[in-house]
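Asker: Mind having a look at this structure? Questions to follow.
Each reported figure results from applying straightforward, stated rules to the coordinates on display, with no laboratory input. Fair warning: this is a prediction, and the values are worked out from it, not measured in the lab. Cβ placement follows ideal geometry from the backbone for every residue including glycine, while neighbour counts extend to all protein chains displayed.
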Amino acid sequence: MSRSNSVSPTPFEAHITALGHDGRGVARIDGKTVFVSGALLGEQVMARLRKRHRHFDEAEVVELVTRSPNRVEPHCQHFAQCSGCSMQHLDAASQIATKQQVLAENFERIGKVAPQAWLPPLTAEPWGYRRKGRLSVRNVMKKGRVLVGFREEQNPRFVTDIQRCEVMHPALGPKVGLLADLISGMDAVDTIPQIEFAAGDDLMSLVFRHMQPLSERDLATLTAFGQQHALAIYLQPGGTSSVHPLWPENPRLAFRIGSGDAGIADVELEFQPLDFVQVNAGMNQLMMARTLELLDPQPTDRVLDLFCGLGNFTLPIARRVAEVVGVEGEHGLVERAAQNAARNGIDNARFHVANLFEDQRGTDWAREPWDKMLLDPPRAGADKVLEYLPHKRTRRIVYVSCHPASLARDAGILVNQHGFTLKSAGVMDMFPHTAHVESIALFDR
């Protein structure tokens, strides 16, 4: 922060010369970078300063002087306030082009590499796609009501009062306002801080975190709400291990990958409501098809799948290779991956629990020879793994990434230290209307 943090309310004119990685417009005012919320590349705007920092400032649009031809009317009534999706004012083609540009810039700046070819961007249905997420809950005495929603864009300490969500799965999106009504009538109105939602192909679940034991009346209220709206209701009185169903007695969450699409063999994955699953079901199908196309699994291949989760990639790969091993750090996910393999009649997939951010080179699976590898790490990337893998026998790697900077860094390691070529890369619109960049890359010896 600068020594003076005073902010003038007087609007100033700004020319937007770039779009930042978070979707905000970028301007230069008196030689200083200013990030302008709500502004698009090429626009002339009147903006108001919100925060001063030492090396940059933050502002918001108060008036459009000239509009970008790529600007569209946001679909959601809560767009300007809610932090859920910050790019609804940019048309879909420009959104995905911006994400590819972000990936290309990261490759060049961080990894000092460039793909030999760019893959066509993958896009799917941009609305009603979000099958997993967390809603904040707050009883606001000054407003006299309960707020349920995502955090506010400009003030993350506050909860956006939303009635419906346009990107949320349709089993829940139109009903967000009903959740506020539900909790406002409960005894536990002040002790429920969040609701997590997760949808399988056939059932939407809600997990109510509660800080105090619920009364019999509240339990009956939640049960009735689940029955009325065909929603599975779970309770979470403590940590993640405390999650348990309230209604129905034995809910089943599962999703299928395949149905013959794009040559993907059918598998069905069961999961628990707090498990990691890909947020966008439609994009997961397309991503799976592209992953298999790039990996090109053969009947004699032995494949190592790192950060495998529930077996989202492992099990479809297993249908086409001699053997696949999945490694994941969370014990519960590995247990369910193995159960999913057995449930699908797959006997050539093995799973191991291991912290992949620690040195695992002494483990049996790390010493084995692998023809091909799949990497699907969290935001931190896979640089720790790349200190001891891949071995010389590994001739192909497919890397699925949720963070372009870590992918770019790891691409540099694979190319410059392990002798791979970055054959192709591309973006996948896993989170439409957000600045989140999901990508995939192919590396060959």
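Asker: What length, rounded to one decimal in nm, is gained on full extension from SER424 through to ALA380, with 0.36 nm per residue of separation minus their alpha-carbon distance?
Answerer: 13.7 nm
Asker: To the nearest 20 debye, what charge dipole does the stretch 12-66 have about its Cα centre, counting +1 at the Cβ of each Lys and Arg and -1 at the Cβ of each Asp and Glu?
Answerer: Details: 8 positive and 8 negative charges, 56 e Å.
For the stretch 12-66, the charge dipole is close to 260 debye.
Asker: Describe numerically, in nm with one decimal, the distance between label points set 7 Å from Cα along Cα→Cβ at ALA93 and at GLN116.
Answerer: Taking the simple label geometry, ALA93 and GLN116 are separated by 3.0 nm.
Asker: Just to check I understand the Karplus step: with θ = phi - 60° and J = 6.51 cos²θ - 1.76 cosθ + 1.60, what whole-Hz values come out for the stretch 68-79, glycine and proline as x?
Answerer: 6, x, 8, 6, 10, 6, x, 6, 9, 5, 9, 3
Asker: Okay, next question. Under the classification rounded if a/c is under 1.5, otherwise prolate if a/b is larger than b/c and oblate if not, where does the stretch 190-242 fall, given a ≥ b ≥ c as square roots of the Cα gyration tensor eigenvalues?
Answerer: Oblate.
Asker: A further question follows. Please compute the modelled spin-label separation between ASN416 and ASP30, points set 7 Å along Cα→Cβ, answer in nm with one decimal.
Answerer: Spacing of the two 7 Å Cα→Cβ label points: 3.9 nm.
Asker: So what is the relative contact order for the chain, in percent, with contacts set as C-alpha pairs under 8 Å and at least six apart?
Answerer: Values: 990 pairs, mean separation 61.9, N = 445.
Relative contact order comes out at 14 percent.
Asker: Something else now. Among VAL65, HIS55, GLN44, which residue has its Cα furthest toward the positive end of the charge dipole of the stretch 12-66, with +1 on Lys/Arg Cβ and -1 on Asp/Glu Cβ?
Answerer: Comparing the listed Cα positions along the dipole, HIS55 ranks first.
Asker: When the helices in the chain are scored as -39500 (n - 2.57) per DSSP H run of 4 or longer and the sum is shared across all residues, what 222 nm value do you end up with, to the nearest 500 deg cm²/dmol?
Answerer: -6000 deg cm²/dmol
Asker: Let me ask something else. Exactly which trypsin sites (Lys or Arg not before Pro) in the stretch 101-151 are in a DSSP loop and have at most 14 other Cβ atoms within 10 Å?
Answerer: LYS112, LYS142, LYS143
Asker: If I take R0 = 41 Å and measure r between the Cβ atoms of GLN44 and PHE158 in this structure, what FRET efficiency does the formula 1/(1 + (r/R0)^6) give, to the nearest 0.05? It would help to have the intermediate numbers written out before the result.
Answerer: Working: r = 30 Å, r/R0 = 0.74.
Calculated transfer efficiency: 0.85.
Asker: Suppose the chain between THR17 and GLU387 were pulled fully straight at 0.36 nm per residue; how much longer would it get relative to their current alpha carbon spacing?
Answerer: 129.3 nm
Asker: For the chain, what proportion of DSSP beta bridges, expressed in % and rounded to the nearest 5, is antiparallel? Mind showing how you got there, number by number?
Answerer: Values: 60 of 93 bridges.
The antiparallel proportion sits near 65 percent.
Asker: Antiparallel DSSP bridges in the stretch 326-445: what percent, to the nearest 5?
Answerer: Among the beta bridges of the stretch 326-445, antiparallel pairing accounts for roughly 65 percent.
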